[in-house]
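Input: a single structure, listed below in structure tokens.
Where a number appears in this text, it was derived from the coordinates with a stated rule and is not lab data. If you're wondering where the values come from, they're calculated on a predicted model, not measured in any experiment. Neighbour counts run over all protein chains shown; Cβ positions are idealised from the backbone, glycine included.
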Amino acid sequence: MAVHPVVKLMTQRLALGLLLLLAASVLIFVGTQILPGDVAQAILGQSATPQALANMREAMGLNDPAYVRYLHWLGAALHGDLGQSLTNGEDVAEAIGKRFGNTLFLAVVAAVIAVPTAIILGLIAVRYQGRWPDRLISGVTLATVSVPEFLLGYVVMFLLAVKYRLAPSVSTIYDTMSLGEKLHAIALPVIVLVLVVLGHMMRMTRAAILNVMQSAYVETAELKGLRPFLIIARHAFPNAISPVVNVVMINLAYLVVGVVVVEVVFVYPGMGQYLVDHVAKRDVPVVQACGLIFAAVYIILNVAADVISILANPRLRHPK
Amino acid sequence: MSRIPVSALIGLGFTGLYFFVAIFAGWIAPYGMAEVVGGVWEPSSSQSWLGTDSIGRDLLSRMIYGGRTTIAVAAAATVLSFVIGSILGLTAAVLGGWVDQVLSRGVDLVMAIPTLIFALVVLSVMPVTLPILILVMGLLDSTRVFRLSRAVAVDITVMDYIEAARLRGEGGGWIVFREILPNALSPLVAEMGLRFIFAVLFISTLSFLGLGVQPPLADWGGIVKENKDGIVYGIPAALYPAIAIATLAISVNLVADWVLGRTSSLKGGRGG
């Protein structure tokens, strides 16, 4: 029996995604092994005696070949054991658990605002293509994508927190806060993240819809005398869904990375800050774990983009 | 040289200005890079046009020296990424077969991990020095260059003149450097501008996170880091690098657009 091509394509994509995840874990592991010294040296410092170093290496299993250590690490990570932090001995999985929730909260709030806004702005820009609304939207978004996240963060902080005192400049959140208080606390980082991805997303949405606007059926709709907005919403947009969804997913993946920097700017207790802090302290287990999680989220979102664009393509869903 | 559009001229002017200031930083900057000239966060005055920074150094001088570091690191990383990326990309396109497969899948893999995350992972174990930074940035960025140069070169390798060169008995080196490279140059040059900007943003981000250029050396990201506490007191010292980076980014973009547009019209492109 022939397998439906959509099922086949999707299985391929998912398998490829899993393979990528595995390969990414290898890459992250290798990335932390290329240093001249080793972890034992990093913990004990330059002045450690050779005997102490040897004991430490023995205790940490550093005398095993690299691939054995990799398999141990990966096996433990799959069981939810991400090892202990070198600097304070705390369980990495536990520390990440709390922070991952915070990071997700920040990213989801930003995405919920950014995605509809970007699509609506993209539609408006196409409707008034070449006229002032289009130029205004394009100009402003060009400016926001030309500035790195952290600078945008300080510009927003300077204007909104210091000059006009609309929101706190430091986003501390804790469990006892109500949802409203939390949202107020993270207002500024959310604004920055929205600005960062909005630009890319809106420009790419605009390009995707403009591409469809060249088709013959759009011309037909125009000649029928339909209202311009109706043409875009009914005829052009449904056919642009696949590229638009792709754009949205890519930008959500980008959001995951943008979060790292924005968290540092606003001192937000999330994973990004945790990662950056521990890179500076050379705390390898934490960095590996955070790197793996960020890479996994990034890869999953990219695979999801592939899968959704397959599903959104009627030619693939209804093969001849 | 035919007519250059105004936008490209503005872009060229600003880009040139930034590079000029970066190269001659030592002569242009009114004070030394680490010289303390006044109190903490003094407002701008006739002595120091942009005021002073968190420990009383002249901010304008810091910005000029910082621009030199930022631009030099970004330029070096871009050149490195182009040398590695384009050579490997063209080689993959010319040789095809398993070489192409191995290189392309390897690049896919590296690109599957966000650049910043990967850089942070590597920098957690490497000593953070300028050569290491340039190497890490250049290698990570070369994956993007590889993609582009391979895509461009694949279109060119099927041309008749490449076949003619092969039949003449030219070696792989000749085909890559004398036949393909000149024809692939314009999209690569335009891309170079964009990669350079990306490198500027990237090194600034790393420095801001404290994992890039290390003090006492100045760079734009580091200036933000040093002066960020002033923001809360309404001192805009940390915002000057934003203006510098944004104007540099926009002007290089304008030049890249022009290069791309100019060469596509040379090929008899539609609509002039």
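Against the main long axis of the alpha-carbon atoms of chain A, helix A:5-31 sits at an angle near 40°.
Taking only the Cα atoms of region A:231-307, the radius of gyration and Dmax are 16.8, 56 Å.
Amide H contacts for residue B:52 (H built 1.01 Å from N in the peptide plane; partners 5 or more residues away or on another chain; cut-off under 5 Å): B:41, B:42, B:59. Applied to region B:145-160, the Karplus parametrisation 6.51 cos²θ - 1.76 cosθ + 1.60 on θ = phi - 60° returns per-residue 3J(HN,Hα) values of 5, 4, 3, 5, 5, 5, 4, 5, 6, 4, 5, 7, 5, 8, 5, 5 Hz, with x for Gly and Pro. Note on A:126, A:26, A:155: ascending count of other Cβ atoms within 10 Å places them as A:26, A:155, A:126, the fewest first. Taken about its Cα centre, chain B carries a charge dipole of roughly 460 debye when the Cβ of each Lys and Arg holds +1 and the Cβ of each Asp and Glu holds -1. At q = 0.05, 0.09 Å⁻¹, what log₁₀ I(q)/I(0) does a Debye calculation on the Cα points of the protein assembly as shown give, no solvent, two decimals? The calculated log intensity ratios at q = 0.05, 0.09 Å⁻¹ are -0.24, -0.82. The charge dipole of the protein assembly as shown, taken about its Cα centre with unit charges on the Cβ of Lys, Arg, Asp and Glu (plus for the first two, minus for the last two), comes to roughly 1920 debye. Amide H to amide H distances under 5 Å link residue B:31 with B:61, where only residues 5 or more positions off or on other chains count and H is placed in the peptide plane. Strictly over 24 Å apart at the Cα level, which of A:98/A:163; A:98/A:281; A:163/B:228; A:98/A:182 would you flag in this model? In this structure, A:98/A:163 exceed 24 Å between Cα atoms. For chain A, the longest principal axis of the Cα atoms and the long axis of helix A:66-78 meet at an angle of about 60 degrees. Ranking A:76, A:188, A:170 by Cα position along the charge dipole of the protein assembly as shown, where only Lys, Arg, Asp and Glu carry charges on their C-beta atoms, puts A:188 farthest toward the positive end.
Explain nothing, just the number: dipole magnitude of chain A about its Cα centre with +1 on each Lys and Arg Cβ and -1 on each Asp and Glu Cβ, in debye rounded to the nearest 20. Roughly 1540 debye for chain A. Volume per residue of the convex hull around the Cα atoms, evaluated for chain B, comes out as 165 Å³. How many angstrom lie between the Cα centre of region A:140-157 and the Cα centre of region A:176-253? Answer, in whole Å: 20.
For region A:280-296, the Karplus equation 6.51 cos²θ - 1.76 cosθ + 1.60, evaluated at θ = phi - 60°, returns couplings of 5, 8, 6, 8, 4, x, 5, 5, 4, 4, 5, x, 4, 5, 4, 5, 5 Hz by residue, with Gly and Pro reported as x.
Once divided by 2.2 N^0.38 Å, the Cα radius of gyration of region A:93-148 becomes 1.64.
Region A:92-317 has equivalent-ellipsoid semi-axes of 36, 22, 14 Å, by the square roots of 5 times the alpha carbon gyration tensor eigenvalues, sorted largest first. Here the residues B:111, A:157, A:249, ranked from fewest to most Cβ neighbours within 10 Å of their Cβ, fall in the order B:111, A:249, A:157.
Of all the stretches in chain B, which is the longest one without any exposed loop site, taking trypsin sites (Lys or Arg not before Pro) in a DSSP loop (any state but H, G, I, E, B) with at most 16 other Cβ atoms within 10 Å?
Counting only loop sites that pass the neighbour cut-off, the longest clear stretch is B:4-266.
With neighbour counts taken as other beta-carbon atoms within 10 Å, the residues B:209, A:166 rank, fewest first, as A:166, B:209. Each principal axis of the Cα cloud of region B:78-177 was evaluated for its coordinate range; sorted largest first, these ranges are 51, 24, 18 Å.
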